[in-house]
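I have placed the structure first, in the form of structure tokens, so that the comments after it can refer back to it.
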Amino acid sequence: MTTISTDTPTVVGAPGTPRLTQLDALESEGIHVMREVAGEFERPVLLFSGGKDSIVMLHLARKAFWPAPVPFPVMHVDTGHNFPEVIEYRDRTVAELGLRLVVASVQDAIDDGRVVERPGGSRNPLQTVPLLDAITAHRFDAVFGGGRRDEEKARAKERMFSLRDEFGQWDPRRQRPELWDLYNGRHKQGEHVRVFPLSNWTELDVWRYIEREGIDLPDIYFTHERDVFARDGMWLTAGSWGGPRPDEHVERRHVRYRTVGDMSCTGAVDSTAADVADVIAEVAASRLTERGATRADDRASEAAMEDRKREGYF
């Protein structure tokens, strides 16, 4: 379990004119947003999948309220096609920190007839219905997500506080200005707000923060040997979700994952990065975002992410 540091932030600049480092400023902004939500909303929840962004977000929440416990539950929208290493990390972290975990299951939604399995095996597009049903059932009025503006162009125009209507849908015309770090969380009954404390972070910022804070991650983020097969320019993992096809050849390669999602649409990258320092060097040299390089669901169309946001996805 990662320990919480209470050290004074590092400052740089001439004597008498202290200035926060970039990571300190991003951390301070994230903690400020966490506290704003805790003070303004009645029933917040933090989305926690065991991926690196949600891990950093949970770390910020622990810092924001230390030495008190995190004052809201965590929720995972479980597709049923998860990487075992990530689920093990999720459950271990929840147990160690004494958190309350809410699981919104795609498989339950399929069994109940609320969603229908799609050809190809990917369940990523099916997450919206169980997510919205869980928000309604638990009456959550604020939902923390780990989305960042550098990931994808639909997320680049997202506000820190993103208003969603009674159907969970996103309308860009209803988003509020956020001048001087003032956040407007007012909403009508049945509406809720999605909150993105990592909006201004980049993938490189996330990894540098992980290094600075000594944050533990699932091993899947570092190089390891894995049976994979090529599809649409990505290395996918064989599994119960339906891959590979008869004409797809499985081979064993040294890979790692830049992002973690449904196994059916999350690709690995060839890598020899064995620790955080190696990953930082690798990411710094990359010219593709992690979603652009390894997420098949974002390649469905130019507006794939924006279409899902309008339906209620993150």
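Write out, first by first residue and then by second, each pair whose Cβ atoms fall under 6 Å of each other, whose residues are 6+ apart or on separate chains, and whose first residue, in region 273-289, is touching a residue at least 60 places away in the same chain (Cβ under 8 Å) while the second is of a type in the set (D, E, K, R) and open to solvent by 60 Å² or more (accessible area, probe 1.4 Å). Correct list of pairs: VAL276/GLU211.
Every condition in (1) among the hydroxyl-bearing types (Ser, Thr, Tyr); (2) open to solvent by 40 Å² or more (accessible area, probe 1.4 Å); (3) within 20 Å of ALA137 (Cβ to Cβ) holds for SER28 except the one numbered (3). Checked against (1) open to solvent by 70 Å² or more (accessible area, probe 1.4 Å); (2) under 24 Å from ARG258 (Cα atoms); (3) in contact with a helix residue (DSSP H, G or I) (Cβ under 6 Å, 6 or more places away or on another chain), ARG123 passes all but condition (1).
Being over 30 Å from ARG231 (Cα atoms), touching a Leu at 6+ places or on another chain (Cβ under 9 Å) and not in a helix (DSSP H, G or I), is that true of even one residue in region 131-145?
Taking every residue of region 131-145 in turn, at least one turns out to be over 30 Å from ARG231 (Cα atoms), touching a Leu at 6+ places or on another chain (Cβ under 9 Å) and not in a helix (DSSP H, G or I).
If you check GLY185, GLY190 for being of a type in the set (Gly, Ala, Ser) and either touching a His at 6+ places or on another chain (Cβ under 8 Å) or farther than 21 Å from MET160 by Cβ (or both), only one passes: GLY190.
Name the single residue that is least open to solvent (accessible area, probe 1.4 Å) among those in region 286-314 being part of a loop (DSSP other than H, G, I, E, B) and at pLDDT below 55. Within region 286-314, the match that is least open to solvent (accessible area, probe 1.4 Å) is GLY312.
Screening ARG35 on (1) at pLDDT 95 or above; (2) open to solvent by less than 30 Å² (accessible area, probe 1.4 Å) shows it passes everything except condition (2).
Within region 219-254, the set of residues being in contact (Cβ under 8 Å) with a residue 40 or more places away in the chain, among the charged types (D, E, K, R) and under 23 Å from ASP278 (Cα atoms) comprises ASP219, ARG226. When the residues of region 165-180 are narrowed to those that are acidic (Asp, Glu) and modelled with pLDDT under 80, which ends up surrounded by the fewest Cβ atoms within 10 Å (Cβ to Cβ)? Looking at residues that are acidic (Asp, Glu) and modelled with pLDDT under 80, I get ASP171.
The values are calculated or read from the model by the stated rules, or taken from the named source; none is laboratory data. Small disclaimer: the values here were computed from a predicted structure and weren't measured. In this analysis, Cβ positions are derived from the backbone assuming ideal geometry, glycine residues included, and neighbour counts consider all displayed protein chains. The protein model used for the area step is the full one, side chains on, heavy atoms only, and it has no ligands, DNA or RNA in it. Shrake-Rupley method; radii C 1.70, N 1.55, O 1.52, S 1.80 Å.
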